[in-house]
Every structure is written in structure tokens, then in C-alpha cells.
Amino acid sequence: MEVYLDNSATTRVRKEVIEKMVEVLEKEYGNPSSLHLKGYQAEKLMKEARENVAKLINGDTEGIVFTSGGTESNNLALIGVAESLRKKGNHIISSTIEHPSVLNVLKYLEENGFEVTYLDVDKTGKVDIENLKRTITDKTILVSIMAVNNEIGTIEPIQEIGEVAKERDIIFHVDAIQAVGKINVDVKKQNLDMVSLSSHKIHGPKGVGALYIDKSVKIRPIIFGGGQEKNLRSGTENMPGIAGFGVASKLAQGNFHENASKLMTLKKRLYEGIFSEIKDVHLNGPKIEEGAPHILNISFAGIRGEVLLHALEEKGIYVSTGSACSSKKKGQSHVLKAIGLKEDLIESAIRFSFGIFNTEEEIDYTISVLKEKVNFLRKYKRR
């Protein structure tokens, strides 16, 4: 049996998405900038995709700018706004548990004259609203906080943060890459000025994402060329990817409650099975019901996470030790450090992340294999 439990790293593409992409590759292959019929057909496809992506976050269609993925969206949001508002102020607020595609951009901005405050989080990974309020100065131009943490599944209080930012006339950017399709993201209700999205986290293709930008936000491009995407993202559009992203967004929105409920059921089943069958295990992050429905992070005391990962792989079970974007680099998880986890528990952490194709049978198989492998590895270590 093959069990893929690394859906926070990437997801299997849905058949409907593949069919749409093939149609675009074979038939609707025009350049949307062309003046002839093929160009018009491509432009029409892009408009439809833009509408579907916007609906996923209850945003205006005109606010969607297509990018190459979540990393580019985060770069455009942070650098674009920082450079645009440099004369107004140079202070940015974020958190210690953001994705590397935010943290490394902030590091770059610090090297270029900006000041960044990194908010600490509690043991569940949440930022403190009162701490945020105390940190704001008259030079603060931007707040960037993720909606859902990619390693431990913490859901941040983005609506409350949005209210604070709006009151103080500060741009609020949300990395919602792990959130859309799993929890509710509503740019209007939650006062979100910019939202980063990625196709391959919602069963769409890799290499395409989007940045939602509210019409009130002043932003500069970071890629220059032919002026596509309202001069904010030059380069010929990735039409097969964009069309696939649109279909994936429509499907994610249409089955939102059903999918979220299924993911939480699978998450609970695995959690309960692990904690009833295996000793010396530790839940990292929020309580089961309080976290995102698709992420479960557990430490198996006495076993290195990487060793357990490969032991599970031998049985066809695929998991992660942390963020796929940084797991091949040496060093401990900055997220688990930030929530105060001890070194031995950081080293023994495994992230299980669920998708719509997972089944209860797969979860039961995973519990059985985990019990066998954990017991074996602990006995082997004691020898």
C-alpha cells in the first residue's frame, strides 16, 4: 500500500485539473496578449481562472495577480510594498514562525535599510495581539503574518490582526498558502490587504500561484518586461498552469466544508491511534480541534525523525520532518524552536499532512506500521 501523508509539501493533481491543462496545451494554446482569436480565447480562459481564484478568498477578480507560486507571491508582496512605502516608513512586523519565503525576504529588506520586528509565539504557535499592538510605531508600514503554519498547523488570529492593521492604516499581508481550501479565508471580512496563494497545495499544478492585492494598496513590481498582469508581473502567462489553478480553486471552494470535515476526521483518527498504541509521544502545536484540519506534528521520543521517516518510507508511507522547502538543509526547525520545544523532541518530530485522496484504511495502516517501526527502532537503540 502507498500512503501519501505529505500534502503540506505538495498535493496530487486532480483529474479535472489535468484534463483542463491538457485541453489548453493541445487546443487553447494562444498567448493572451495576441490580438487574434487564439489570443482572445486564452484571455477568456485566464479571466475565468482569475474569477475562480478570487472566489476562493471572497476577493475582487481584479485583485488577483498570477505568479509562479507562493514564493514569488510573498516576494512581490513584501518587497513591492516596502519599496513603494519607503518614504512613509521603514518598519515591518512579522513572526518568528513564518515560512522561509517570508523570513528570507525580510532578511533581505533588513539588509536594505528596513527594520523588522519578529513577534514571538506561545507554545501552540500563536502570536499575541497585545504584543502586536505594542510593537506598532509611526514608522510601521506593513504587517505580514501567515494564516496557517506549515509545520504545526497553528491557525493565527488573522481577523483580529486585520482589525488592528486597519485601525492604524497599516498594510496587512497574509501568507494563506496552507490555509485556503482548509479554513475560511475572507479578504473582506478579515480585512486582508494582500494574500499569497499557491496552486499545488490545493491539488493544482506546480509553478503557478497568485497574489491578491486590494485596490487600495500601492505596490511596485519586482519583475520587469512586457507589462503583463497590470504591469505587476511581466512575462508571458503560464496558461496551462493558470487554467489548472482555476479549476483546482473552483473544486476547493465547491467542496470546502466536506473536504475540511474529512481532513479533520483523518487527523483525529491518526492522533487517537498513535496516542493509544505508542508510548512516549508528544503533540507539537495546537490542540487537535484548534489547529488546521490537515496538519499533525508529533514527536516520537528517542527516535530521530529522519530515521523514522525512512523506516515508514520502506512500507510505502510518505511523511515529512518539517517544511519541504527547507528539510534538505541541515539545522533544526525554527518553528519548533520558537514554540519552546526541547532539542530531543525537535529531533524526533514528524509532520503528517492530509489530502482529499487519503482514506481511513490508509490511516489505520499507518498506525499499525508506526507502532511496529517505533518499537523496533527504540529496541535497536537500547542495544
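The values are calculated or read from the model by the stated rules, or taken from the named source; none is laboratory data. Model, not experiment: these values are computed from the prediction. FYI the Cβ positions are ideal-geometry reconstructions off the backbone, even for glycines, and counts take in every protein chain you see. Just so you know, the surface numbers come from the protein's heavy atoms only, side chains and all, with ligands and any DNA or RNA stripped out. Shrake-Rupley method; radii C 1.70, N 1.55, O 1.52, S 1.80 Å.
Of the set (1) at pLDDT 95 or above; (2) more than 30 Å from E361 (Cα to Cα); (3) in contact with a helix residue (DSSP H, G or I) (Cβ under 6 Å, 6 or more places away or on another chain), all apply to E16 but (2).
Screening the range 329-383 for residues that are of a type in the set (F, W, Y) and under 17 Å from L312 (Cα atoms) and picking the one that is farthest from the chain's Cα centre (by Cα) gives Y380.
Candidates G39, G69, G59: the one that is outside the structural domain of I356 (by the TED database) and at positive phi is G69.
Residue count for the range 1-34 satisfying the condition of being in contact (Cβ under 8 Å) with a residue 12 or more places away in the chain, farther than 22 Å from N255 by Cβ and assigned to a loop (DSSP other than H, G, I, E, B): 8. Looking only at residues in the range 130-180 that are open to solvent by 50 Å² or more (accessible area, probe 1.4 Å) and not in a loop (DSSP other than H, G, I, E, B), which one is farthest from L103 (Cα to Cα)? Within the range 130-180, the match that is farthest from L103 (Cα to Cα) is E167. Cβ separations smaller than 6 Å between residues 6+ apart or across chains give the following pairs from the range 165-182 residues that are under 20 Å from R86 (Cα atoms) to residues that are crowded, with 24+ Cβ neighbours inside 10 Å and hydroxyl-bearing (S, T, Y): H173/S144. Against the conditions (1) touching a residue at least 24 places away in the same chain (Cβ under 8 Å); (2) within 25 Å of D6 (Cβ to Cβ); (3) of a type in the set (D, E), D214 satisfies every one except (2).
Quick one: would you say G80 is touching a residue at least 40 places away in the same chain (Cβ under 8 Å), open to solvent by less than 10 Å² (accessible area, probe 1.4 Å) and small (G, A, S)? For G80, the condition - touching a residue at least 40 places away in the same chain (Cβ under 8 Å), open to solvent by less than 10 Å² (accessible area, probe 1.4 Å) and small (G, A, S) - is met.
Residue-by-condition table, conditions (1) in a loop (DSSP other than H, G, I, E, B); (2) at pLDDT 95 or above; (3) in the same structural domain as S368 (by the TED database); (4) not aliphatic (A, V, I, L, M):
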| position | (1), (2), (3), (4) |
| --- | --- |
| I222 | yes, no, no, no |
| G227 | yes, no, no, yes |
| K230 | yes, no, no, yes |
| E237 | yes, no, no, yes |
| P240 | no, yes, no, yes |
| S261 | no, yes, yes, yes |
| K268 | no, yes, yes, yes |
| I274 | no, yes, yes, no |
| G285 | yes, yes, yes, yes |
